[in-house]
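What follows is calculated from the coordinates using simple rules that are stated; it is not laboratory data. Just so you know, these numbers come straight off a predicted model, no measurement behind them. Quick reminder, even Gly has a Cβ in these numbers, built from the backbone with ideal geometry, and neighbours come from all protein chains shown.
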Amino acid sequence: MVASDLNGNPTVIDQNHDGEIDVQEALNISKISIDGSNSPLNHIQFSSNKYFNIDSIEGINYFKNLEILECKNNNLTSIDFKDLKKLTQIYCHNNKINQFINFEDVGSLFIIQCANNLLTNLDLSQSAKNYNNGVYALYGYYGNPLKSLNLQSGMITIWAMLTDQSQCPFYSFYQVTAICINYPEPDTLAGLNNLTVNCFEADEYRNSLISNNIPTNILVDNCLIATDEVTKPKLTVSPNPAKDFIQLYINEKIEKIEIYDEAGRFVSTPTTDHNRINVSKLKSGVYYVSTLINGKILKTKFIKQ
């Protein structure tokens, strides 16, 4: 096992060499690598000549300051993420994992690589809720018998990216150095019957499914008004297109407003005057206004001239 302390420096976990890991020693760790492969790790920070083939990481919950967990190439069947609220990167590919336990505790996820496991359900809808820009990357989801994949945001800030290592030069252990967005391929979604995405992504995903000869009925479209949503308040914007100002119209009190660009990236949290927003400094293009109203998120699109 190779680890780094809270300052990112290589360290041993058992600082007092008593053969046990106490709570304080666990709290001093920010990164752990347990590689079960027979080849050296690619990450210099975690390079080691020791290899593992473990079937459990029980007790990982005590590492409450853990930011990066690498446990690839082992025989894990599950991971319990209870109390791992600071976890930002997970590399657990090439195991036998069939479930993530207490995955809702992870709210600051940036990258997850979970390829070649036994996952039938993967819900990332809350995984980046604590990030200001809310971006996460599902880096490698192939090789799982997925039946349900939820990429829909639990907040108003997520832009979900599907990437594939074989197609996209994407990898950096500490940060993303290049981003490419790959939509689902037929062989990766053979058993999928439930794909949930953000409303503003739905059309793009639908077009991608069609172009890849994947039946679009796997796409769960939560953007249409259902019977129980007839009374849902409607958000409109005028003028549209707009040059200097937009006015939001809704018969409810708006608690929060955020603006995103066409790619779903956070742009600003504007100040308003009776729901009137100054957009004069925005570059020309397509934008989304996301509002929080009575605990629910409503979005609308506008064009900045």
Item checked: Peptides 254-264, 84-94, 277-287 ordered by average Cβ neighbours within 10 Å, highest first -> 84-94, 254-264, 277-287
Note to self: Explain nothing, just compute: Karplus ³J(HN,Hα) = 6.51 cos²θ - 1.76 cosθ + 1.60, θ = phi - 60°, for every residue of the stretch 119-124 in order, whole Hz, x for Gly and Pro.
What the structure shows: 6, 9, 9, 9, 10, 9
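When a/c is below 1.5 the answer is rounded, else prolate if a/b is larger than b/c, else oblate, so apply that to the stretch 227-304 with a ≥ b ≥ c taken from the square roots of the Cα gyration tensor eigenvalues.
prolate
Pop the C-beta distance of Ile303 and Asp83 into the FRET formula with R0 = 35 Å and round what comes out to the nearest 0.05.
Values: r = 45 Å, r/R0 = 1.28.
Calculated transfer efficiency: 0.20.
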Next item on the list: List, in the order given, every pair from Lys86/Lys296; Lys82/Lys299; Lys64/Lys129 whose Cα-Cα distance in the structure shown is over 28 Å.
Entry: Lys82/Lys299
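Would you please give the FRET efficiency between Glu262 and Leu6, computed as 1/(1 + (r/R0)^6) with r the Cβ-Cβ distance and R0 = 41 Å, to the nearest 0.05? Write down the numbers at each step before the final one.
Working: r = 38 Å, r/R0 = 0.93.
That pair, Glu262 with Leu6, gives E of 0.60.
With a 10 Å radius around each residue's Cβ, average the other Cβ atoms per peptide and rank 115-128, 97-110, highest first. Write down the numbers at each step before the final one.
On the way: 115-128: 20.1, 97-110: 17.9.
Top of the packing list down: 115-128, 97-110.
Provide the gained length on full extension for the span Glu252 to Leu27, in nm with one decimal, where the gain is 0.36 nm per separating residue minus the Cα-Cα distance. Numbers along the way, then the final one.
On the way: separation 225, 0.36 × 225 = 81.00 nm, distance 4.51 nm.
Length difference between fully extended and current span is 76.5 nm.
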Next item on the list: Compute the distance in nm between two label points, each set 7 Å from the Cα along the Cα-to-Cβ direction, one at Ser56 and one at Asp105.
Entry: 1.6
